[in-house]
Amino acid sequence: MKKKKFLALLLTGAMALAALTGCSSGTETTEESTGGDASAESGDGAYKIALIQQHQTNAFQIGVTEGAQAKADELGVELNILSADQDAAKQISQIEQCVSEGYDAILFEPVDPDGLRDAAKAAADAGVIMINIVSACTDWESAGISAVSCGDNEMQHVADLLGGKGNIAILTGPSSTTDTTARLEGYRNILANYPDMTEVIAPADCAWDTAKAQSTVESWLSAYDLDAIVC
């Protein structure tokens, strides 16, 4: 048990660093359900870990991939990076395959936080350390997931930079996913504290597509006087 607690803490810290590499303007929040002392045991270099991302189509995801691989190399662990290509069924299959191949841990960015919960729980019940990154599965604490590593609210950072005043716009991921709606809700909860910050246009669903986001930003900048764009 001590080894599993240490591994969960080790991986969570590693992914925090990797995610910061991919999105350096944000902050990082890590929640842990395992407790324990990371100094209690050192890694033996034999861990086999999978990182299953939603997709690998934009700079953020590529940054996370590169940061995760660099940290794995530093820690001396085997890391296999997979893309679910925004397909929840494919991601479930990838998790099941990793369990059957004897992976020690799986870090995954759920395509569908509701639909991936049962697959994550089944893997955890099989003895695999499961860690959410970027977004959390629904009711993750009761699904056997050891930790969640995800971004803190970027809107607070923007509010601090603007001194609580300015015109803003928001880019989002797929509007149909729960992590997108939760992120947008978090943004607006922060905005409610800053009456001099104005959301001048409705959020744009760019599906985490870099080209679509760039096109949207260009059109916004030509039409609006913006102080910040949050995504």
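The values are calculated or read from the model by the stated rules, or taken from the named source; none is laboratory data. Worth saying up front: this structure is predicted, and the values here are computed from it rather than measured. No Cβ is skipped: glycine too gets one built from the backbone with ideal geometry, and neighbour counts run over all protein chains shown. Protein only, heavy atoms only, side chains kept; ligands, DNA and RNA dropped before computing areas. Shrake-Rupley method; radii C 1.70, N 1.55, O 1.52, S 1.80 Å.
Based on protein heavy atoms only, the range 75-178 ends up with 39 Å² per residue of surface accessible to a 1.4 Å probe. Computed from backbone phi, the HN-Hα couplings of the range 80-85 come to 10, 9, 10, 10, 8, 6 Hz, rounded to whole numbers (Karplus: 6.51 cos²θ - 1.76 cosθ + 1.60, θ = phi - 60°; Gly and Pro given as x).
Remark: the range 64-72, residue by residue, has Karplus-estimated 3J(HN,Hα) of 4, 4, 5, x, 5, 5, 4, 5, 4 Hz, where x stands for each Gly or Pro and the curve is 6.51 cos²θ - 1.76 cosθ + 1.60 at θ = phi - 60°.
In this structure the amide hydrogen of Ile133, modeled in the peptide plane, comes within under 5 Å of the amide hydrogens of Phe108, Glu109, Ser149, none closer than 5 places in sequence on its chain. Scalar couplings 3J(HN,Hα) for the range 182-197, obtained by applying the Karplus form with A = 6.51, B = -1.76, C = 1.60 to θ = phi - 60°, are 5, 5, 5, 4, x, 4, 6, 4, 5, 4, 4, 8, 10, x, 8, 9 Hz; x denotes Gly and Pro. Counting only Cβ charges, +1 for Lys and Arg and -1 for Asp and Glu, the dipole size of the range 52-115 around its Cα centre is about 100 debye. Close amide H pairs (under 5 Å, H built 1.01 Å from N) link Met197 with Gly166, residues at least 5 positions away or on another chain.
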